[in-house]
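Student: A single structure is presented below for examination.
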Amino acid sequence: MNYLTATEIARAIEAGELRSEDITEHYLQRIERLNPEYNAYVQIYAEQAREQAKALDGSKAKRGPLHGVPISIKECYLLEGTATTINYPPLKNYLGKQTSPLVQRLIDAGAVILGKTNVPQLLADGQTFGPLYPTANNPFDPTRTPGGSTGGGAAALAADLCALELGSDIGGSIRNPSSFCGLFGLKPTENGHSHDSHVPPLPEHQLGISVMNCTGPLARSVEDLDLAYRVLYPEQKLAKLSKPLSGYTFGYFDTFHDLQAGTSVTSGLETLKKLAGAQGASLKPITIDSKLAARIMQLWAELFGYSIAQNLPWLIRKIFYWKFRGTLRDSSMDLIPSLKRGLNLDFKTFSHALYERREVASELMRCFEGCDAVLSPTSMGPAFPHNHQHQRIALDGQQIPYMDYCFAFVALYNLSGQPVLTVPTGVDNNGLPVGISIAAKHHQEGLLLHIGKLLSAAGLQFSAPQL
């Protein structure tokens, strides 16, 4: 039963070929054996999952699309009676008083919740570690990170400790872990979903700033992403498409903010370009002006500051700033003044940032004119060795600043609000996965999933690590 997709499990249960109790037990035994090595889960609901699976097997009610399928959810989602700490000591004893509507939709669709997965403190890192939880390790190489902030969920999927993960993304937090762990991940259009009971902002404060943050699934197949999207966001109707790859024009770029992706990533991008081209797709090179790229990254840093700081105490905001100041200072991107403005929570500067965001996003869309979708790196390179001090990362004989490596190629799509599908393109010479991102216009998730299915049929697939 190893490495079945969520879709395969759902079909087998529907056909009477598999019981939810059996596949749930399979996952629980794997979690017991492998989780101590990868620290993918920080909470495991073994008895509740067994009871839920047994009840689903005996139910005569109409079956949902995820009936009996064991899944995981990122620790930042509220689930009544369970801890939601976001690896942040002031919340170490917090128990959810309600359940996220997105989590409830998964439960209502028949999913079995195995547990909650590991996250970095305040979800604010490109790797997964913190004061409350152990460091999450990458199943392809435990000395390396699975990424952040959905790092635990990505590790769980790569090690076959669940069939599906509910993640979130404000700066690559779905896409980088998907890339580092060889998975498929979908960051939907910004605010294309209902209020989601996602933390941050901190729970029970009823604050309304929601910029750049998106919720979305990670999986081992595009078909699973499609299934999850329909469950999570039923109000967003997916277009029914049948056009082959030969009917699409793909833009592509591998340089942003004067940063050139590493050889592993450019090789993965070439793989994807050749695959699309062999199917008859048109390819169009794209250049994003360095001044525009700088404006994009500075606005992203400022809006990120507003989003994460909106209900943090003044002292915590100061500590957060000083924690990342050294990392930002080392970056080639001048982000310190922007983050500082955001953390100050001044309404007038926030309003101005939103105004400028519209202008910058429109300018970026003009760069993409004539393209149905755009191919680009996810991070500058593959998963890197654990790096809690945010030191520079070795890449092709150079030492790359941490912020540049992790965020340059993903943050632009949080700033623009576009949907992005990350797909695996194989492994590099060191056996590390490389994922490439495919972006589309707003509310074109149906197009991305259709393209993803066509690319999967042409050979793009998840490849399991040697555990």
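Student: May I ask you to verify whether Tyr248 is over 29 Å from Leu354 (Cα atoms) and of a type in the set (Phe, Trp, Tyr)?
Tutor: Values: over 29 Å from Leu354 (Cα atoms): yes; of a type in the set (Phe, Trp, Tyr): yes.
Answer is yes for this residue.
Student: For the structure I just gave you, tell me whether Gly68 is under 21 Å from Met403 (Cα atoms) and either buried (at least 24 other Cβ atoms within 10 Å of the Cβ) or out of contact with any helix residue (DSSP H, G or I) (no Cβ under 7 Å at 6 or more places or on another chain) (or both).
Tutor: No, not satisfied.
Student: While we're on this one: What are the residue pairs meeting all of these: first residue in region 444-466, first residue more than 13 Å from Thr422 (Cα to Cα) and of a type in the set (S, T, N, Q), second residue at pLDDT 95 or above and surrounded by fewer than 19 Cβ atoms within 10 Å (Cβ to Cβ), Cβ atoms under 8 Å, and 6 or more apart or on different chains?
Tutor: Short answer, once both residue conditions are applied: Ser463/Gly426; Ser463/Val427.
Student: Sort through Thr117, Thr135, Thr128 and tell me the only one that's surrounded by fewer than 24 Cβ atoms within 10 Å (Cβ to Cβ) and of a type outside the set (D, E, K, R).
Tutor: Thr135
Student: In addition: If you go through region 141-169, how many residues are part of a strand (DSSP E or B) and either of a type outside the set (Asp, Glu) or open to solvent by 10 Å² or more (accessible area, probe 1.4 Å) (or both)?
Tutor: Total satisfying the criteria: 5.
Student: Search region 353-393 for residues being outside any loop (DSSP other than H, G, I, E, B) and free of Cβ contacts under 8 Å to residues at least 40 places away in the same chain, and hand back the single one that is surrounded by the most Cβ atoms within 10 Å (Cβ to Cβ). If you could, list the steps in order and put the result at the bottom.
Tutor: Of the residues in region 353-393, the ones outside any loop (DSSP other than H, G, I, E, B) are 353-367, 373-377, 385, 393.
Within this subset, residues satisfying the condition of being free of Cβ contacts under 8 Å to residues at least 40 places away in the same chain are 355, 358-359, 362, 366, 393.
Values: Tyr355: 10, Arg358: 9, Glu359: 11, Ser362: 10, Arg366: 8, Ile393: 21.
In this case the residue turns out to be Ile393.
Student: If you don't mind, another one. Which residue pairs have Cβ atoms under 7 Å apart, sit 6 or more places apart or on different chains, and have a first residue in region 255-274 that is within 24 Å of Met333 (Cα to Cα) and a second that is of a type in the set (Phe, Trp, Tyr) and part of a strand (DSSP E or B)?
Tutor: Between residues of region 255-274 that are within 24 Å of Met333 (Cα to Cα) and residues that are of a type in the set (Phe, Trp, Tyr) and part of a strand (DSSP E or B), the close pairs are Leu269/Tyr252.
Student: Quick check on Leu315: is it on the phi < 0 side of the Ramachandran plot, of a type in the set (A, V, I, L, M), open to solvent by 50 Å² or more (accessible area, probe 1.4 Å) and over 26 Å from the mean Cα position of the chain (by Cα)?
Tutor: The answer is yes for Leu315.
Student: Give region 23-43 a look and list any residue that's open to solvent by 20 Å² or more (accessible area, probe 1.4 Å) and under 21 Å from the mean Cα position of the chain (by Cα), or say none.
Tutor: The answer is Asn39, Val42, Gln43.
The values are calculated or read from the model by the stated rules, or taken from the named source; none is laboratory data. Here the structure is a predicted model, which means the values were calculated and not measured. When we count neighbours, we look across all protein chains shown, and the Cβ atoms used for this are built from the backbone with ideal geometry, even at glycine. For the accessible areas, the whole protein counts, side chains as well, though only heavy atoms, and no ligand, DNA or RNA atoms are used. Shrake-Rupley method; radii C 1.70, N 1.55, O 1.52, S 1.80 Å.
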